[in-house]
């Protein structure tokens, strides 16, 4: 059968480099009134509340055409760091 394969790649470092690709400056005007739109979406909603605005999700879909999911995570991390959105989803949430 041969020798067992041992994966020696540094996956956290590789994943971090992919996320870093998405950390760049964008026009951030679509991110005004985050809470107002989210509260309107959750008005009279039963069950789990929406965490992200519908317009933000549409913006991410457009962004997916330019970068991969980890790159979008980098973009959202920068938006959260700048205080434009309250929390940044990870790439598996997209």
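Going by neighbour counts of Cβ atoms within 10 Å, the residues 68, 33, 7 line up, fewest first, as 7, 33, 68. Working note: Cα gyration tensor of the stretch 52-94, eigenvalues times five, square-rooted, sorted largest first, giving semi-axes of 15, 12, 9 Å. Across the stretch 52-94, C-alpha contacts under 8 Å between residues 6 or more apart give a mean separation that, scaled by the residue count, equals a relative contact order of 32 percent.
Taking label positions 7 Å along the Cα-Cβ direction at both residue 92 and residue 43, the computed distance is 3.5 nm, reported to one decimal.
Remark: 76, 93 ranked as 93, 76, counting other beta-carbon atoms within 10 Å and listing the fewest first. Cβ-Cβ distance of residue 13 and residue 55, R₀ of 30 Å, FRET efficiency by 1/(1 + (r/R0)^6): the value works out to about 0.30.
Where a number appears in this text, it was derived from the coordinates with a stated rule and is not lab data. Nothing here was measured: the structure is a model prediction, and the numbers come from that model. As a convention, Cβ positions derive from the backbone with ideal geometry for all residues, glycine included, and neighbour counts pool all protein chains shown.
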